[in-house]
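Have a look at the structure below, then the notes.
Throughout, read-outs are computed from the coordinates displayed, never taken from laboratory work. Just so it is clear, the model here is predicted, and its values are computed rather than measured. Neighbour counts are summed over all protein chains in view; Cβ atoms, including those assigned to glycine, are modelled from backbone coordinates with ideal geometry.
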Amino acid sequence: MLDVARIRADFPLLAQRENGHRLVYLDNAATTQKPSAVLDAILDYYRTTNANVHRGAYDLAIRATEAYEAARAKVAAFVNAWAPEGVVFTRGTTEAINLVAGSYGRTTLGADDSVVVTGMDHHSNLVPWQILCQEKGATLRMVEITEDGRIDLSDFGHALERRPKIVAFPYVSNALGTVNPAAQLAKLAHAVGAVVVVDGAQSTPHLKVDVQALDCDFYALSGHKMLGPMGSGALVAKPELLDAMPPYHGGGEMISRVWDDHSTYNKIPHKFEAGTPNVEGAVGLAAAIAYLEGIGLDHIADHEQTLAAEAIEKLTQIEGVTVYGPRARGHRAGVVSFTYGDIHPHDIATILDQDGICIRAGHHCTQPLMRRLNVAATARASFYLYNGPDDVDALAGALVKAGALFGYVPA
Amino acid sequence: MDTSRPEPQLSALYQELILDHYRRPRNKGTLEDATHAVSLNNPLCGDEIDLQLHVDGDTIKEARFVGRGCSISQASASMMTQLLKGRTVPQAIALAERMSAMMQGDDGAARDKALGDLRALSGVSKFPVRIKCALLPWNALTDAVKAGRG
């Protein structure tokens, strides 16, 4: 286990009290809190380095550009990207996937083609493909999931028989915490000639990611889910794919030469970064990565898996609680989705909030998955490096209170 | 820094009457002779309601609903359909306005006998994020009668 007390001291917000209680923040799959190192890096950037990047002829602008490009190199090394120019900064995972669908997808897909997604994809790795397929008259194929919340590999195989052009899936499910066999899925998809898009929003913060070992083609990540600022994120891609793709947004920075009626475009990654970028976001994200590396992703993954296992054990001891998703260690990241009898998840969240416990209640932007689980919503506790066994105890204790309040008598 | 507010009473929020309407909703189902029907959902939390009314002249003869959601939204729908039966459309709109005022913390509305069982929901006003749950069926009602008059 990590030294949670020491880590918490790095996060100013965690010292705050909520509704008169110690803050127990268990909504890390939604967003994470920020360590002082990240807050200081952003403030320091504005105090000492701020200027527009890639266009200033003066030293301050050169320093800003260096900070921005150093952040790109930091992200590239963190996920073992193919090259730093294969890292396009975006507002987050959603924009990264929309970029792939809007640029690669629009030029590649025809009416006879198909795109494969899974029944556990976040809306951000589903709706862009729906829009693309509707525009092209192409087929969108959703792969089923197993009862314990894993991708159904035999259905995945069936979906590949149609030789899809694009196969998209999450590395880690935001709603269930399932860790998918991403390298295996990518290999199967490549065998039929598909390009592989991995939603890395929930994996990058929590496990050691190596995109070259996964051998995917596109990998999307969000900074705010890994201690970085909101509005930071990246698309990590094979440079030769990015090179061949048309621009996504037009504007400054992404051009080479502009005439009255047409333009030529900048080289990658700048071709995909129209307009003034979120430099503070990139700088903050780099600081977040440095912080995570200081603790070690393997230690973080191990810590979270231990907490999730403890939470599952404590929660399932409460009669009426159902936990969703796979149970085996290694198959699940630090996400625990559950329901409690007929107490609606929103009511659970309101009751827990009174004890200073923040969880998510709802469909988690995975409505097709909720339908497959045959629930309208679940309650979800998601852990990070600053959570400890005391948080698991607080969660279980407050759930018992919720049960009492609802007069929940087990059948 | 302590930004905590005083703890609103959970027991005031989850009164027995509310849990009773949640677990044994009144007027749950569909109408064969509905004159007005509206489906509303809250895309953020997924609460859903399908409200059906049978309006004869200006009088609401029957009100039924089908829905999924939290105890607050479902109890509010159940209590609302009880209250609507036999009311005129202008009376129903006036009740919706009283309900909305109660959710905004209006003490007078919270004591207004016209709201019947719904007064048990007055505690929701202390939980701002839950107000939309309590008002979902009422928004369906106003949509339904406005569409009917159009």
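Sorting A:347, B:143, A:261 on the 10 Å Cβ count, fewest up front, what's the list?
On the way: A:347 27, B:143 15, A:261 5.
So the residues, fewest neighbours to most, are A:261, B:143, A:347.
Just name one of A:177, A:64, A:299: the one whose Cα is farthest towards the positive end of the charge dipole of the protein assembly as shown (beta-carbon charges, Lys/Arg +1, Asp/Glu -1).
Highest projection toward the positive end goes to A:177.
Restricting to DSSP loop positions (anything but H, G, I, E, B) with no more than 12 other Cβ atoms inside 10 Å of their own Cβ, which GluC sites (Glu not before Pro) remain in the range A:121-209?
A:147, A:161
Given the rule -39500 (n - 2.57) for each run of at least 4 DSSP H residues, summed and divided by the residues of the protein assembly as shown, what is its mean residue ellipticity at 222 nm, to the nearest 500 deg cm²/dmol?
Computed ellipticity for the protein assembly as shown at 222 nm equals -11500 deg cm²/dmol.
Can you spot the lysines whose alpha carbon is less than 29 Å from residue A:238's alpha carbon? Ignore those fewer than 8 places along the same chain.
Straight-distance partners of residue A:238: A:74, A:136, A:165, A:187, A:208, A:225, A:267, A:271.
Rounded, prolate or oblate: which one fits the range B:27-149, using the alpha carbon gyration tensor with axes a ≥ b ≥ c (rounded when a/c is under 1.5, else prolate when a/b beats b/c, else oblate)? Walk me through the intermediate numbers first.
Values: a/c = 1.91, a/b = 1.27, b/c = 1.51.
In terms of gyration-tensor shape, oblate.
Which listed residue (A:311, A:276, A:127) has the Cα farthest towards the positive end of the charge dipole for the protein assembly as shown, taking +1 on Lys and Arg C-beta and -1 on Asp and Glu C-beta about the Cα centre?
A:127
Rank these for me by crowding, A:257, A:22, going from fewest to most other beta carbons within 10 Å. Before the final figure, lay out each step's value.
Working: A:257 9, A:22 15.
Ordered from fewest to most neighbouring Cβ atoms within 10 Å, A:257, A:22 come out as A:257, A:22.
What FRET efficiency would be calculated for the residue pair residue A:322, residue B:104, taking the C-beta separation as r and a Förster radius of 35 Å, to the nearest 0.05?
The calculated FRET efficiency here is 0.40.
Enter the angle in degrees (range 0 to 90, nearest 10) between the Cα long axis of helix A:297-316 and the first principal axis of the Cα atoms of chain A, meaning the one along which they spread out most.
It is inclined by approximately 30 degrees.
Once phi is turned into θ = phi - 60°, what whole-Hz ³J(HN,Hα) does the Karplus curve with 6.51, -1.76 and 1.60 give for every residue of the range A:69-74, x standing for Gly and Pro?
Values per residue, Gly and Pro as x: 6, 5, 5, 4, 5, 5 Hz.
Tell me the label-point distance for the pair residue A:264, residue A:6, using the 7 Å Cα-to-Cβ offset, in nm and rounded to one decimal.
5.5
Each label point is 7 Å from the Cα along the Cα-to-Cβ direction; what then is the distance between the points at residue B:56 and residue A:184, in nm?
6.5
Note down the net charge around residue A:288, summing +1 for each Lys or Arg and -1 for each Asp or Glu among other residues with Cβ under 13 Å from its Cβ. Walk me through the intermediate numbers first.
Details: positive: A:34, A:74, A:225; negative: A:10, A:40, A:280, A:293.
Once positives and negatives cancel, what remains is -1.
Just rank A:254, B:99, fewest to most, by other beta-carbon atoms within 10 angstrom.
Final ranking by Cβ density, sparse to dense: A:254, B:99.
Please give me, ordered by residue number, the GluC sites (Glu not before Pro) of the range A:293-343 that lie in loop per DSSP and have at most 13 other Cβ atoms within 10 Å.
A:319
Within a 10 angstrom radius of each residue's Cβ in A:210-218, how many Cβ atoms of other chains show up on average? Whole number is fine.
Taking the mean over all residues of the peptide, I get 0.
Between residue A:73 and residue A:58, what length comes free when the chain is fully extended (0.36 nm per residue of separation minus the Cα-Cα distance, one decimal in nm)?
Value of the extension gain: 3.1 nm.
Nearest 10 degrees, 0 to 90: what angle lies between the long axis of helix A:279-295 and the longest principal axis of chain A (Cα atoms)?
The angle comes out at about 50 degrees.
Let me know the number of lysine pairs in chain B closer than 27 Å at the Cα, not counting same-chain pairs under 8 apart.
16
Just to verify a number: FRET efficiency for residue A:390 and residue A:163, C-beta to C-beta distance, R0 = 60 Å, to 0.05? Mind dumping the intermediate values first?
Working: r = 52 Å, r/R0 = 0.86.
It comes to 0.70.
Mind listing which GluC sites (Glu not before Pro) in the range A:59-121 are in a DSSP loop and have 13 or fewer other Cβ atoms within 10 Å?
none
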